[in-house]
(Lines give C-alpha, C1' and ligand atoms only; values in the text may rest on other atoms or scores of the structure.)
Protein backbone atom coordinates (compact mmCIF):
# COMPACT_ATOMS: atom_id res chain seq x y z
CA UNK A 1 0.00 0.00 0.00
CA UNK A 2 1.15 3.55 -0.63
CA UNK A 3 0.38 6.98 0.71
CA UNK A 4 -1.32 9.13 -1.89
CA UNK A 5 -0.92 12.79 -2.62
CA UNK A 6 -3.53 13.80 -0.08
CA UNK A 7 -2.41 11.39 2.63
CA UNK A 8 -4.86 8.61 1.69
CA UNK A 9 -3.56 5.09 1.44
CA UNK A 10 -4.01 3.35 -1.86
CA UNK A 11 -2.74 0.38 -3.77
CA UNK A 12 -0.26 1.26 -6.48
CA UNK A 13 -1.70 0.57 -9.92
CA UNK A 14 0.22 0.56 -13.18
CA UNK A 15 -0.95 3.16 -15.72
CA UNK A 16 -3.22 1.80 -18.41
CA UNK A 17 -1.88 2.02 -21.95
CA UNK A 18 -4.14 3.59 -24.53
CA UNK A 19 -4.42 1.65 -27.77
CA UNK A 20 -4.31 3.41 -31.13
CA UNK A 21 -8.00 2.69 -31.67
CA UNK A 22 -8.92 4.15 -28.29
CA UNK A 23 -6.78 7.20 -28.95
CA UNK A 24 -8.71 7.90 -32.15
CA UNK A 25 -12.04 7.60 -30.34
CA UNK A 26 -11.01 9.39 -27.18
CA UNK A 27 -11.14 6.17 -25.14
CA UNK A 28 -9.08 5.36 -22.09
CA UNK A 29 -9.23 4.30 -18.50
CA UNK A 30 -12.08 5.23 -16.27
CA UNK A 31 -11.65 8.64 -14.64
CA UNK A 32 -12.14 6.98 -11.29
CA UNK A 33 -8.57 5.74 -11.64
CA UNK A 34 -7.11 9.03 -12.80
CA UNK A 35 -4.73 10.83 -10.50
CA UNK A 36 -2.21 13.61 -10.42
CA UNK A 37 1.49 13.06 -10.76
CA UNK A 38 4.48 15.05 -9.46
CA UNK A 39 5.64 17.96 -11.62
CA UNK A 40 8.37 19.55 -9.53
CA UNK A 41 10.38 16.86 -7.78
CA UNK A 42 10.92 18.84 -4.58
CA UNK A 43 11.90 15.83 -2.52
CA UNK A 44 12.95 13.08 -4.89
CA UNK A 45 14.46 11.06 -2.11
CA UNK A 46 11.00 10.45 -0.66
CA UNK A 47 9.99 8.64 -3.81
CA UNK A 48 12.72 6.08 -3.33
CA UNK A 49 13.04 5.93 0.46
CA UNK A 50 11.39 3.24 2.58
CA UNK A 51 10.54 4.08 6.19
CA UNK A 52 10.51 1.08 8.47
CA UNK A 53 7.34 1.00 10.56
CA UNK A 54 6.47 -2.04 12.65
CA UNK A 55 8.80 -4.19 10.61
CA UNK A 56 7.09 -3.27 7.34
CA UNK A 57 8.38 -0.92 4.68
CA UNK A 58 6.21 2.15 4.22
CA UNK A 59 6.97 3.71 0.84
CA UNK A 60 6.06 7.33 0.27
CA UNK A 61 5.15 8.48 -3.22
CA UNK A 62 3.62 11.56 -4.74
CA UNK A 63 0.37 10.27 -6.25
CA UNK A 64 -1.21 7.99 -8.79
CA UNK A 65 0.13 8.02 -12.33
CA UNK A 66 -1.99 9.48 -15.10
CA UNK A 67 -3.61 6.48 -16.82
CA UNK A 68 -3.86 8.11 -20.27
CA UNK A 69 -0.57 7.00 -21.82
CA UNK A 70 0.56 5.89 -25.28
CA UNK A 71 3.88 4.49 -26.48
CA UNK A 72 4.29 6.61 -29.62
CA UNK A 73 7.59 5.90 -31.36
CA UNK A 74 10.29 5.60 -28.67
CA UNK A 75 13.03 5.38 -31.30
CA UNK A 76 12.30 8.80 -32.77
CA UNK A 77 10.63 10.32 -29.69
CA UNK A 78 7.49 11.24 -31.64
CA UNK A 79 3.79 10.77 -30.91
CA UNK A 80 0.84 11.85 -33.06
CA UNK A 81 -2.36 12.03 -30.98
CA UNK A 82 -5.68 11.20 -32.60
CA UNK A 83 -7.98 14.14 -33.37
CA UNK A 84 -10.92 12.88 -31.36
CA UNK A 85 -8.85 12.40 -28.23
CA UNK A 86 -7.74 16.04 -28.26
CA UNK A 87 -11.23 17.40 -28.84
CA UNK A 88 -12.61 15.15 -26.09
CA UNK A 89 -9.97 16.42 -23.65
CA UNK A 90 -10.84 20.06 -24.49
CA UNK A 91 -14.55 19.33 -24.08
CA UNK A 92 -13.87 17.71 -20.70
CA UNK A 93 -12.03 20.84 -19.60
CA UNK A 94 -14.98 23.03 -20.58
CA UNK A 95 -17.31 20.68 -18.71
CA UNK A 96 -15.53 21.79 -15.55
CA UNK A 97 -14.94 25.31 -14.24
CA UNK A 98 -13.16 26.70 -17.33
CA UNK A 99 -14.71 28.85 -20.05
CA UNK A 100 -13.63 30.41 -23.33
CA UNK A 101 -14.09 34.17 -23.53
CA UNK A 102 -12.31 36.58 -25.91
CA UNK A 103 -9.31 38.24 -24.32
CA UNK A 104 -7.64 41.60 -24.81
CA UNK A 105 -5.78 42.29 -28.08
CA UNK A 106 -2.23 41.01 -28.10
CA UNK A 107 0.14 44.00 -27.80
CA UNK A 108 2.41 44.82 -30.70
CA UNK A 109 6.06 45.73 -30.25
CA UNK A 110 7.10 49.30 -30.95
CA UNK A 111 10.37 47.81 -32.29
CA UNK A 112 12.75 50.38 -30.83
CA UNK A 113 15.76 48.08 -30.93
CA UNK A 114 17.09 45.76 -28.24
CA UNK A 115 15.20 46.05 -24.93
CA UNK A 116 17.02 47.16 -21.80
CA UNK A 117 18.14 44.36 -19.43
CA UNK A 118 15.55 43.39 -16.84
CA UNK A 119 16.22 44.52 -13.28
CA UNK A 120 16.24 41.74 -10.70
CA UNK A 121 13.10 41.26 -8.65
CA UNK A 122 13.16 42.90 -5.22
CA UNK A 123 12.61 41.03 -3.02
CA UNK A 124 14.03 38.08 -4.93
CA UNK A 125 10.88 35.97 -4.90
CA UNK A 126 8.35 34.67 -7.44
CA UNK A 127 5.26 36.87 -7.22
CA UNK A 128 1.91 37.08 -9.04
CA UNK A 129 2.20 38.54 -12.53
CA UNK A 130 -0.11 39.60 -15.32
CA UNK A 131 -0.70 36.80 -17.86
CA UNK A 132 1.25 36.94 -21.12
CA UNK A 133 -0.64 35.74 -24.20
CA UNK A 134 1.95 33.18 -25.43
CA UNK A 135 2.42 31.62 -21.97
CA UNK A 136 -0.23 29.33 -20.55
CA UNK A 137 -1.18 26.32 -18.49
CA UNK A 138 -1.00 22.73 -19.67
CA UNK A 139 -3.90 20.49 -18.61
CA UNK A 140 -4.48 16.74 -18.72
CA UNK A 141 -8.17 16.44 -17.77
CA UNK A 142 -10.10 13.27 -17.13
CA UNK A 143 -13.52 12.64 -18.61
CA UNK A 144 -16.48 14.93 -17.84
CA UNK A 145 -14.26 17.63 -16.35
CA UNK A 146 -13.09 15.58 -13.37
CA UNK A 147 -9.70 16.58 -11.95
CA UNK A 148 -9.43 19.59 -14.30
CA UNK A 149 -6.34 21.12 -12.71
CA UNK A 150 -3.34 22.11 -14.79
CA UNK A 151 -0.13 20.26 -14.11
CA UNK A 152 2.50 22.19 -16.08
CA UNK A 153 3.24 25.41 -17.97
CA UNK A 154 4.06 25.88 -21.66
CA UNK A 155 4.69 28.70 -24.13
CA UNK A 156 4.26 29.41 -27.82
CA UNK A 157 7.61 29.65 -29.61
CA UNK A 158 8.23 30.90 -33.12
CA UNK A 159 8.24 28.31 -35.89
CA UNK A 160 7.77 28.32 -39.67
CA UNK A 161 4.23 26.89 -39.36
CA UNK A 162 3.27 29.05 -36.37
CA UNK A 163 1.93 26.08 -34.41
CA UNK A 164 4.70 25.24 -31.92
CA UNK A 165 4.60 25.11 -28.12
CA UNK A 166 7.54 24.35 -25.81
CA UNK A 167 7.41 22.72 -22.38
CA UNK A 168 9.37 20.21 -20.30
CA UNK A 169 9.62 16.63 -21.53
CA UNK A 170 8.54 15.34 -18.12
CA UNK A 171 5.25 17.23 -18.58
CA UNK A 172 4.29 15.19 -21.65
CA UNK A 173 6.16 11.88 -21.31
CA UNK A 174 6.32 9.97 -18.05
CA UNK A 175 6.39 6.26 -18.77
CA UNK A 176 4.53 7.03 -22.00
CA UNK A 177 3.20 9.99 -23.95
CA UNK A 178 0.25 11.70 -22.31
CA UNK A 179 -2.75 11.44 -24.58
CA UNK A 180 -5.06 14.07 -23.09
CA UNK A 181 -3.24 17.39 -23.20
CA UNK A 182 -4.81 20.84 -23.56
CA UNK A 183 -2.83 24.08 -23.72
CA UNK A 184 -4.58 27.27 -22.57
CA UNK A 185 -2.46 30.35 -23.42
CA UNK A 186 -2.96 33.48 -21.36
CA UNK A 187 -5.10 31.66 -18.77
CA UNK A 188 -6.60 34.03 -16.22
CA UNK A 189 -9.03 33.17 -13.41
CA UNK A 190 -10.76 30.28 -15.16
CA UNK A 191 -10.99 32.06 -18.54
CA UNK A 192 -9.31 30.85 -21.73
CA UNK A 193 -8.97 34.17 -23.60
CA UNK A 194 -7.15 32.79 -26.65
CA UNK A 195 -8.80 29.41 -27.00
CA UNK A 196 -7.98 25.80 -26.18
CA UNK A 197 -5.21 24.13 -28.20
CA UNK A 198 -4.46 20.42 -28.45
CA UNK A 199 -1.42 18.57 -29.86
CA UNK A 200 -1.23 17.10 -33.34
CA UNK A 201 2.32 15.93 -32.69
CA UNK A 202 4.64 15.71 -29.67
CA UNK A 203 8.43 15.45 -29.95
CA UNK A 204 10.94 14.64 -27.21
CA UNK A 205 14.53 13.43 -27.38
CA UNK A 206 14.64 9.60 -27.41
CA UNK A 207 17.22 9.76 -24.63
CA UNK A 208 14.57 11.26 -22.40
CA UNK A 209 12.37 8.24 -23.09
CA UNK A 210 15.25 5.82 -22.51
CA UNK A 211 16.48 7.08 -19.15
CA UNK A 212 14.91 10.47 -18.32
CA UNK A 213 18.14 12.25 -19.19
CA UNK A 214 17.90 15.62 -17.37
CA UNK A 215 19.91 17.28 -20.15
CA UNK A 216 17.05 16.50 -22.58
CA UNK A 217 14.08 17.66 -20.49
CA UNK A 218 12.44 19.61 -23.33
CA UNK A 219 9.42 18.88 -25.51
CA UNK A 220 7.80 20.54 -28.49
CA UNK A 221 4.10 20.24 -29.28
CA UNK A 222 2.57 21.17 -32.59
CA UNK A 223 -0.96 22.27 -31.82
CA UNK A 224 -4.31 23.08 -33.42
CA UNK A 225 -7.33 24.82 -31.99
CA UNK A 226 -9.73 22.34 -30.42
CA UNK A 227 -12.97 21.69 -32.26
CA UNK A 228 -13.48 23.11 -35.73
CA UNK A 229 -12.61 26.82 -35.67
CA UNK A 230 -13.59 28.86 -38.68
CA UNK A 231 -10.85 31.50 -38.82
CA UNK A 232 -7.99 29.07 -39.52
CA UNK A 233 -5.42 31.08 -37.57
CA UNK A 234 -2.45 29.37 -35.96
CA UNK A 235 -1.68 29.73 -32.28
CA UNK A 236 1.22 32.06 -33.08
CA UNK A 237 -1.11 34.30 -35.11
CA UNK A 238 -3.51 34.43 -32.16
CA UNK A 239 -1.08 34.93 -29.25
CA UNK A 240 2.25 35.99 -30.70
CA UNK A 241 5.30 33.91 -29.83
CA UNK A 242 8.57 33.84 -27.97
CA UNK A 243 11.69 33.62 -30.09
CA UNK A 244 14.01 30.71 -29.30
CA UNK A 245 17.79 30.74 -29.05
CA UNK A 246 20.22 27.86 -28.78
CA UNK A 247 23.69 28.08 -27.19
CA UNK A 248 22.81 31.38 -25.51
CA UNK A 249 25.45 32.79 -23.15
CA UNK A 250 24.83 32.36 -19.43
CA UNK A 251 24.66 35.05 -16.77
CA UNK A 252 22.07 37.08 -18.68
CA UNK A 253 19.14 38.84 -16.97
CA UNK A 254 16.10 36.65 -17.48
CA UNK A 255 12.40 36.37 -16.68
CA UNK A 256 11.01 33.06 -15.40
CA UNK A 257 7.25 32.45 -15.46
CA UNK A 258 5.01 29.55 -14.45
CA UNK A 259 1.45 28.69 -13.47
CA UNK A 260 1.17 27.02 -10.03
CA UNK A 261 -1.17 24.05 -10.10
CA UNK A 262 -3.49 25.66 -7.56
CA UNK A 263 -4.06 29.02 -9.25
CA UNK A 264 -5.08 30.33 -12.67
CA UNK A 265 -2.70 33.28 -12.81
CA UNK A 266 1.07 33.03 -13.25
CA UNK A 267 4.02 33.72 -10.97
CA UNK A 268 7.14 35.42 -12.31
CA UNK A 269 10.60 36.42 -11.16
CA UNK A 270 13.46 38.41 -12.71
CA UNK A 271 17.01 37.25 -12.03
CA UNK A 272 20.01 35.90 -13.94
CA UNK A 273 20.11 32.59 -15.78
CA UNK A 274 23.42 31.17 -14.58
CA UNK A 275 25.36 28.05 -15.54
CA UNK A 276 24.86 25.16 -13.15
CA UNK A 277 27.01 23.03 -15.47
CA UNK A 278 27.80 22.75 -19.13
CA UNK A 279 24.36 21.26 -19.75
CA UNK A 280 22.17 22.90 -17.09
CA UNK A 281 20.94 26.42 -16.27
CA UNK A 282 20.24 27.61 -12.72
CA UNK A 283 17.73 30.30 -11.74
CA UNK A 284 18.05 31.05 -8.03
CA UNK A 285 14.71 32.66 -7.23
CA UNK A 286 12.46 30.95 -4.66
CA UNK A 287 8.74 30.46 -4.88
CA UNK A 288 8.05 28.35 -7.99
CA UNK A 289 5.83 25.45 -6.83
CA UNK A 290 4.22 22.43 -8.50
CA UNK A 291 2.66 23.27 -11.85
CA UNK A 292 5.39 25.65 -12.98
CA UNK A 293 7.42 22.94 -14.74
CA UNK A 294 7.80 23.80 -18.40
CA UNK A 295 7.55 27.52 -17.72
CA UNK A 296 9.66 29.68 -20.05
CA UNK A 297 13.01 31.22 -19.15
CA UNK A 298 13.23 34.36 -21.30
CA UNK A 299 15.91 36.91 -22.10
CA UNK A 300 15.59 40.15 -24.12
CA UNK A 301 12.02 40.69 -22.95
CA UNK A 302 10.13 43.42 -24.82
CA UNK A 303 8.41 45.62 -22.22
CA UNK A 304 5.67 46.48 -24.71
CA UNK A 305 4.63 42.88 -25.40
CA UNK A 306 6.05 40.84 -22.54
CA UNK A 307 7.56 38.44 -25.07
CA UNK A 308 11.23 37.59 -25.31
CA UNK A 309 13.67 34.89 -26.35
CA UNK A 310 13.36 31.44 -24.81
CA UNK A 311 16.63 29.92 -23.58
CA UNK A 312 15.16 27.20 -21.34
CA UNK A 313 12.12 25.82 -19.53
CA UNK A 314 11.71 24.80 -15.91
CA UNK A 315 12.93 21.21 -15.85
CA UNK A 316 16.27 19.51 -16.21
CA UNK A 317 18.07 18.79 -12.95
CA UNK A 318 15.69 17.18 -10.43
CA UNK A 319 12.98 17.78 -13.06
CA UNK A 320 12.85 21.46 -12.21
CA UNK A 321 14.55 21.91 -8.86
CA UNK A 322 13.07 22.80 -5.48
CA UNK A 323 11.36 25.73 -3.79
CA UNK A 324 14.58 27.76 -3.74
CA UNK A 325 16.11 27.13 -7.16
CA UNK A 326 14.78 26.25 -10.61
CA UNK A 327 16.78 24.51 -13.33
CA UNK A 328 16.58 24.02 -17.08
CA UNK A 329 18.30 21.86 -19.63
CA UNK A 330 20.60 24.15 -21.63
CA UNK A 331 19.43 24.51 -25.20
CA UNK A 332 22.47 23.27 -27.08
CA UNK A 333 23.16 21.34 -30.26
CA UNK A 334 21.08 18.27 -29.41
CA UNK A 335 17.99 20.25 -28.46
CA UNK A 336 18.42 22.42 -31.54
CA UNK A 337 18.17 19.19 -33.54
CA UNK A 338 14.97 18.37 -31.64
CA UNK A 339 13.52 21.76 -32.66
CA UNK A 340 14.42 21.13 -36.29
CA UNK A 341 12.77 17.72 -36.18
CA UNK A 342 9.64 19.10 -34.54
CA UNK A 343 9.28 21.81 -37.17
CA UNK A 344 10.13 19.70 -40.20
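The values are calculated or read from the model by the stated rules, or taken from the named source; none is laboratory data. All of these numbers come straight from a predicted model, not from anything done at the bench. Cβ placement follows ideal geometry from the backbone for every residue including glycine, while neighbour counts extend to all protein chains displayed.
A few points about this structure:
- Residue ID - surrounded by the most Cβ atoms within 10 Å (Cβ to Cβ), chosen from residues in the range 314-324 that are part of a loop (DSSP other than H, G, I, E, B) and out of contact with any helix residue (DSSP H, G or I) (no Cβ under 9 Å at 6 or more places or on another chain): 322
- In the range 274-298, the residues that are at negative phi reach residues that are surrounded by fewer than 19 Cβ atoms within 10 Å (Cβ to Cβ) and part of a strand (DSSP E or B) with C-beta atoms within less than 6 angstrom, at least six apart or across chains, in these pairs: 282/274.
- Flag: residue 177 does not match the condition of being crowded, with 24+ Cβ neighbours inside 10 Å, within 9 Å of the chain's Cα centre (by Cα) and on the phi < 0 side of the Ramachandran plot.
- Criterion applied to 82, 103, 96 was being touching a helix residue (DSSP H, G or I) at 6+ places or on another chain (Cβ under 6 Å) and more than 27 Å from residue 319 (Cβ to Cβ), and the one residue passing it is 82.
- Every residue from the range 275-288 that is touching a strand residue (DSSP E or B) at 6+ places or on another chain (Cβ under 8 Å) and part of a loop (DSSP other than H, G, I, E, B): 276, 279, 284, 285, 287, 288
- Cβ-Cβ under 7 Å pairs, at least 6 apart or on other chains, the range 109-121 side farther than 14 Å from residue 254 by Cβ, far side in a loop (DSSP other than H, G, I, E, B) and modelled with pLDDT of 65 or more: 109/302; 109/304; 109/305; 110/304; 114/300
- Annotation: of all residues in the range 206-232 being surrounded by 15 or more Cβ atoms within 10 Å (Cβ to Cβ) and more than 23 Å from residue 86 (Cβ to Cβ), the one that is nearest to the chain's Cα centre (by Cα) is 217.
- Checked against (1) assigned to a loop (DSSP other than H, G, I, E, B); (2) surrounded by fewer than 21 Cβ atoms within 10 Å (Cβ to Cβ); (3) in contact with a strand residue (DSSP E or B) (Cβ under 8 Å, 6 or more places away or on another chain), residue 262 passes all but condition (3).
- Residue within the range 73-96 that is assigned to a strand (DSSP E or B) and surrounded by 16 or more Cβ atoms within 10 Å (Cβ to Cβ) present: yes
- Selected residue (only one of 156, 182, 172, 198 is within 9 Å of the chain's Cα centre (by Cα) and modelled with pLDDT of 95 or more): 172
- In this structure, residue 121 does not qualify as out of contact with any strand residue (DSSP E or B) (no Cβ under 6 Å at 6 or more places or on another chain), surrounded by 13 or more Cβ atoms within 10 Å (Cβ to Cβ) and either at pLDDT 90 or above or not in a loop (DSSP other than H, G, I, E, B) (or both).
- Pick from the range 159-169, criterion crowded, with 20+ Cβ neighbours inside 10 Å and in a loop (DSSP other than H, G, I, E, B), ranking: farthest from the chain's Cα centre (by Cα): 159
- The lone criterion from (1) more than 19 Å from the chain's Cα centre (by Cα); (2) outside any loop (DSSP other than H, G, I, E, B); (3) crowded, with 20+ Cβ neighbours inside 10 Å left unmet by residue 272 is number (3).
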